[in-house]
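Quick notes on the structure that follows.
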Amino acid sequence: MQGSPTLFLGSFVRRYKRFFTDIIDEKGNLLTVHCPNTGSMKNCQVEGSECWYSLSDNPKRKLQGTLEIVTTSHGQLAGINTLNANRLVANALECKIIPELASYDTVSKEVRYGSEKSRIDFFLQDSANHLPDCYVEVKSVTLDMGNGLAMFPDSVTARGTKHLRELIAVAESGRRAVLLFCVQLNRATEVEVAADIDPVYAETLTKAVSSGVEVIAWKIKIDHEGIVLDQQIDCLSNLPLMG
């Protein structure tokens, strides 16, 4: 990923108060770093496992370090910085990597839209007006279930359900609505909806697909040097209407 920070190796100790993580650096020092993930981080908190963090030179930051990569309970590397998902997709849109979206030549970020006063991650337009406007919502996926299976969400997400309602309205108006799962797991081969964690989200996602919302998933390639968007993978085989 362009602009990827230098990463430092550590050992994961614990996450607490949502945004704090204790790690042990290579010199044996206990450090508290920022955790840039508001989800549950289910299966991503393994005490004693390898993790990687970045350091900021901003003197105004309370915590100089940011947790970037962890090892899951299934031994897979996971990028837990949710901000990276949008950065990765932004790079991919700029480089025309995603075939379904490559024909658009104008990309806007964080555009206000919808009756529920949301902001779409990416608003795509075709300057020649051959294609309908396209609204792209990005979701970062880190829930590793083993054997290549990733799931979303990892906790109840009222905000995610709201975004689905907005995308449904877009699709029903004749414009394109795309939900893009950015799967930040190195060995993922498929992503499914975690209906047991959030049945309302699963039900709304089923309605979204029925309404014409397009759903695609891309996994990342991740190592201690950084993260890049790697390849498209299968998604949503467990939705009732797609089974």
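The single condition among (1) modelled with pLDDT of 95 or more; (2) polar (S, T, N, Q); (3) under 24 Å from Met145 (Cβ atoms) that Thr66 does not meet is (3).
Give Asp196, Asp234 a once-over and let me know the one that is surrounded by fewer than 17 Cβ atoms within 10 Å (Cβ to Cβ), on the phi < 0 side of the Ramachandran plot and assigned to a loop (DSSP other than H, G, I, E, B).
Values: Asp234 fails: assigned to a loop (DSSP other than H, G, I, E, B).
Answer to the selection: Asp196.
Scanning the range 1-47 for residues that are under 24 Å from Gly148 (Cβ atoms) and either outside any strand (DSSP E or B) or more than 23 Å from the chain's Cα centre (by Cα) (or both) yields Met1, Asn37, Gly39, Ser40, Met41, Lys42, Asn43, Cys44, Gln45, Val46.
For beta carbons closer than 6 Å, sequence separation of 6+ or different chains, a first residue in the range 2-23 that is exposed (fewer than 15 other Cβ atoms within 10 Å of the Cβ) and a second that is acidic (Asp, Glu) and assigned to a loop (DSSP other than H, G, I, E, B), the qualifying pairs are Leu9/Glu26.
Test of understanding: among Ser73, Ser49, Ser56, which residue is hydroxyl-bearing (Ser, Thr, Tyr), assigned by TED's automatic domain parsing to the domain that holds Phe12 and touching a Cys at 6+ places or on another chain (Cβ under 9 Å)? Show your work before the answer.
Values: Ser49 fails: touching a Cys at 6+ places or on another chain (Cβ under 9 Å); Ser56 fails: touching a Cys at 6+ places or on another chain (Cβ under 9 Å).
Residue meeting the stated conditions: Ser73.
Of all residues in the range 203-231, exactly one satisfies the criterion of being charged (D, E, K, R), in contact with a strand residue (DSSP E or B) (Cβ under 9 Å, 6 or more places away or on another chain), surrounded by fewer than 16 Cβ atoms within 10 Å (Cβ to Cβ) and modelled with pLDDT of 85 or more, namely Lys221.
In the set Glu192, Glu225, which member is touching a residue at least 40 places away in the same chain (Cβ under 8 Å), under 21 Å from Thr82 (Cα atoms) and within 14 Å of the chain's Cα centre (by Cα)? Give the steps one after another, and end with the answer.
Details: Glu225 fails: within 14 Å of the chain's Cα centre (by Cα).
That would be Glu192, the only listed residue that is touching a residue at least 40 places away in the same chain (Cβ under 8 Å), under 21 Å from Thr82 (Cα atoms) and within 14 Å of the chain's Cα centre (by Cα).
The values are calculated or read from the model by the stated rules, or taken from the named source; none is laboratory data. Note that the coordinates shown come from a computational prediction; the quantities given were computed from them, not determined experimentally. Every residue, glycine among them, receives a Cβ derived from its backbone with ideal geometry; neighbour counts consider all protein chains shown.
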